[in-house]
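Heads up, the thing below is written out as structure tokens.
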Amino acid sequence: MFSRRSALVVAGVALIAFGGALALRRKSSQASAHELSQRVGIVPFENLSGDAALDWPERLIPFAVAGQLQGLPRVTAFSARTPGEAVAQGATVVVYGHITRHGGKVRVRHFIEDARSSAVTFSGEHASASIRWTAALNSVAESVSGAVRPGAKPGPLGIHNDKAAMLLAEGLASSDAASAGARFQAAAEADPACGWCWQAWAERAGRSGGSGAAAGVIALSRSKGKDLDGLSRARLDLLDANLRNDLRARVRALDALTKASQGDATAWGQLGEAHVALRQYGPAETALERAAGVEPERGEFWNLLAYARAYAGKYGPAAAALDQYSRLDPGSANPLDSRGEIAMMAGKFTEAARTLEAAYEKDRQFNGGAALEKAALSRWLNGEKKEAGDLAERFLKARAEQGDPFAELTRARWESLFGQSSQARRRLLLLAGAGKSPAAPVAASILALQLLAEGDHPGAVQAARTARALARAPGQAVFASMAAQAVDPGAPLVEEAALRVEMRSLGLTARGDWSAAADAWREALQGAHGGADSPHRELLALCLVMSGRAAEAKPLLAAQWPLLTAEQSLLYDFLIYPNLFYVRAELARSENKAAEAQRNYDLFMQHSGDRADRFGQQARARAASRL
């Protein structure tokens, strides 16, 4: 399973990552101790001096040291309240210390402890009669960096004077949003080159005043903070790109971030996913190879790399990446699930079915047991109707036993896939009438789309109205509005422009306005993210074939078979299946590949069942079988 439903790309506001703990990482037994990933937990340094004026550094030291360690290869640094909490969060190394005043000097003593043995492996001290805290922070960071990655240098200290350091510490300690924001602002004003100050201020502004307030701080940083280091500027640009939901700006920011911090595997991974979203699969592969090279024991990078390669049609190299992922995470069902999905994309349906069923047997609770349904779909795509039915029935029974309120909706899906359109419609009507069920508005929405495709516009309008009336939860309301937008393209029901284009495309396709639908799907495909564009490609190909432009459809389907998310299946199943066989039959026929065309026509007819032949596809398929 890939990040189109999970993983590394940050969709919302990118907050300061210095204190964030990432997922625990599995370690390779072949690597030496210093090659293994290290999780460095840093706890507040205790002020033992008796001088309250020295309280603030104890709060700043963990934040600053963690910030400077970001970007070291195979190192994740985070703040924790106590050593015990650090160990509970998976720390392999714990850093702690104290502040004292002795002999006329302020002394900052730090200890580096191996979390497994509780043995102190290193200790150091920074002492000065007139202490400069920026120097003290650097001293601790250099010591820790050298202990966990010998020879490596920490990143730049984001603070350049003690006044800004104290104001930043006070802001971090404040539980009052307004007070914290004021302290961060004052810190940025005291040190305009303090990237951490600007980032903390922008983050706090975003939490308190929304994206506009955060964007205002970032804009101010460009005019006032001209001497920011490259790493801080890249992080602020990344935050800005996320606030504006600008994927191309996100790529530029992550590109700058990885150049400034080449050991930051997470940033490389995020850059790879951003390239995937833009369908830039070559750069995505390069970035993800860098991520896996920096931290080779992080299985998620190998998984992401496998999908990036598969989207480019490089199924052999994708399998090699999955081999590595499987070795790193042998206890998880996800490597098998990913292997099965990629086999589906490659058209290796027998292999896909076996692998996905094995994933289900390994962990029946993984992803709600969806691997078993995907195994059923693989058998269905291979023309193994009985085997597909048996697997689908097992999945439906398991979902019902789990109390899934959408189990009957899924049953209607499979009735439609098996050509039992009338039975599926009756079930959707029954579900739509069960107003208290969370499945009711979704069922009514699907019914509206299917009635539109059958030429029953009045029925589609009524079902769409029912869906919107039944919708209670925000997700239900969005789904109902999307279906209603497809039924009535002129109604301003969906706010997002790209989604309106997609629903207009869907409505035109359901009506059989093939040429206009093809133009609309081209526009929708331009805005679709890679890895989630299967329905756009399949339905554009359908519209091109149905409007007599089969040659234009071929490049859309050359690399892969569709892989839909669960949400996409609800919207597009009834148009994609079994039409994908008809489209591929027509393409094969246009290239004089008679056997391939005949197989796909036969599969199309096998699954068409009692569907109305509104546009003459079944008649053409039957005629082809007599040639």
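The values are calculated or read from the model by the stated rules, or taken from the named source; none is laboratory data. Predicted, not measured: the structure shown is a model, and the values here were computed from it. FYI the Cβ positions are ideal-geometry reconstructions off the backbone, even for glycines, and counts take in every protein chain you see. To get the accessible areas, we keep the full protein, side chains included, count just its heavy atoms, and leave off ligands, DNA and RNA. Shrake-Rupley method; radii C 1.70, N 1.55, O 1.52, S 1.80 Å.
Observations, loosely collected:
- The range 259-274 - residue that is modelled with pLDDT under 95 and under 20 Å from Q199 (Cα atoms) and, of those, most open to solvent (accessible area, probe 1.4 Å): K259
- Scan the range 77-116 for residues that are within 31 Å of the chain's Cα centre (by Cα) and polar (S, T, N, Q) and the total you get is 3.
- Of all residues in the range 571-585, at least one satisfies being over 22 Å from L451 (Cβ atoms), part of a helix (DSSP H, G or I), modelled with pLDDT of 95 or more and not hydrophobic (A, V, I, L, M, F, W, C).
- Single residue of the range 244-284 satisfying the filter (among the aliphatic types (A, V, I, L, M) and more than 18 Å from A528 (Cα to Cα)) that is nearest to the chain's Cα centre (by Cα): A267
- Index of the failed condition, I131 passing every other in (1) surrounded by 15 or more Cβ atoms within 10 Å (Cβ to Cβ); (2) more than 17 Å from W56 (Cα to Cα): (2)
- Condition check for R622: of a type in the set (D, E, K, R) and at pLDDT 95 or above: no
- Meets criteria (assigned to a strand (DSSP E or B) and of a type in the set (S, T, N, Q)) for S123: yes
- Test result for Q560, open to solvent by less than 20 Å² (accessible area, probe 1.4 Å), farther than 18 Å from L449 by Cα and not β-branched (V, I, T): yes
- Selection status of P489, within 23 Å of E586 (Cβ to Cβ) and in contact with a helix residue (DSSP H, G or I) (Cβ under 7 Å, 6 or more places away or on another chain): no
- The condition of being at pLDDT below 95 and either more than 21 Å from L372 (Cα to Cα) or exposed (fewer than 14 other Cβ atoms within 10 Å of the Cβ) (or both) holds for only one of A463, A434, A448, that being A434.
- Any hit, the range 470-480, residues being assigned to a loop (DSSP other than H, G, I, E, B) and among the aliphatic types (A, V, I, L, M): yes
- Considering (1) touching a residue at least 12 places away in the same chain (Cβ under 8 Å); (2) of a type outside the set (A, V, I, L, M); (3) open to solvent by 20 Å² or more (accessible area, probe 1.4 Å), the lone condition that P474 does not fulfil carries the number (1).
- For the range 525-557, residues that are out of contact with any helix residue (DSSP H, G or I) (no Cβ under 6 Å at 6 or more places or on another chain) and open to solvent by 20 Å² or more (accessible area, probe 1.4 Å) total 5.
- Number of positions in the range 502-525 that are over 19 Å from T565 (Cα atoms) and either out of contact with any Cys (no Cβ under 7 Å at 6 or more places or on another chain) or of a type in the set (K, R) (or both): 13
- In the range 158-177, the residues that are open to solvent by 50 Å² or more (accessible area, probe 1.4 Å) and acidic (D, E): E170, D176
- Every condition in (1) in a helix (DSSP H, G or I); (2) modelled with pLDDT of 95 or more; (3) open to solvent by 20 Å² or more (accessible area, probe 1.4 Å) holds for A498 except the one numbered (2).
Here is a yes/no grid of residues against (1) in contact with a Phe, Trp or Tyr (Cβ under 8 Å, 6 or more places away or on another chain); (2) in contact (Cβ under 8 Å) with a residue 40 or more places away in the chain; (3) surrounded by fewer than 22 Cβ atoms within 10 Å (Cβ to Cβ); (4) not basic (K, R):
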site: D573; (1), (2), (3), (4): no, yes, yes, yes
site: F581; (1), (2), (3), (4): yes, no, no, yes
site: A588; (1), (2), (3), (4): no, no, yes, yes
site: A594; (1), (2), (3), (4): no, no, yes, yes
site: Q598; (1), (2), (3), (4): no, no, yes, yes
site: D602; (1), (2), (3), (4): no, yes, yes, yes
site: M605; (1), (2), (3), (4): no, no, yes, yes
site: A612; (1), (2), (3), (4): no, yes, yes, yes
site: S625; (1), (2), (3), (4): yes, no, yes, yes
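So that you can scan it fast, the table gives a plain yes or no per residue for (1) touching a residue at least 24 places away in the same chain (Cβ under 8 Å); (2) of a type outside the set (K, R); (3) under 30 Å from E300 (Cβ atoms):
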site	(1), (2), (3)
L54	yes, yes, no
E58	yes, yes, no
E142	no, yes, no
V148	yes, yes, yes
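- Scanning the range 147-163 turns up no residue that is over 21 Å from A188 (Cα atoms), touching a Lys or Arg at 6+ places or on another chain (Cβ under 8 Å) and part of a helix (DSSP H, G or I).
- Yes/no for A520 being touching a Ser or Thr at 6+ places or on another chain (Cβ under 7 Å), surrounded by 20 or more Cβ atoms within 10 Å (Cβ to Cβ) and either without any contact (Cβ under 8 Å) to a residue 12 or more places away in the chain or of a type in the set (A, V, I, L, M, F, W, C) (or both): yes
- Residues in the range 389-413 that are without any contact (Cβ under 8 Å) to a residue 24 or more places away in the chain and within 19 Å of D610 (Cα to Cα): R411 alone.
- For the criterion of being part of a helix (DSSP H, G or I), among the basic types (K, R) and in contact with a Gly (Cβ under 9 Å, 6 or more places away or on another chain), R599 passes.
- Residues of the range 71-124 classified as open to solvent by less than 40 Å² (accessible area, probe 1.4 Å) and either of a type in the set (K, R) or free of Cβ contacts under 8 Å to residues at least 24 places away in the same chain (or both), total: 1
- Taking the range 229-252 as the range and being touching a Cys at 6+ places or on another chain (Cβ under 9 Å) and within 12 Å of A274 (Cα to Cα) as the test, no residue passes.
- Selection of the range 503-515 for residues being in a helix (DSSP H, G or I) and either open to solvent by less than 30 Å² (accessible area, probe 1.4 Å) or of a type in the set (K, R) (or both) yields M503, R504, S505, L506, G507, L508, T509, A510, R511.
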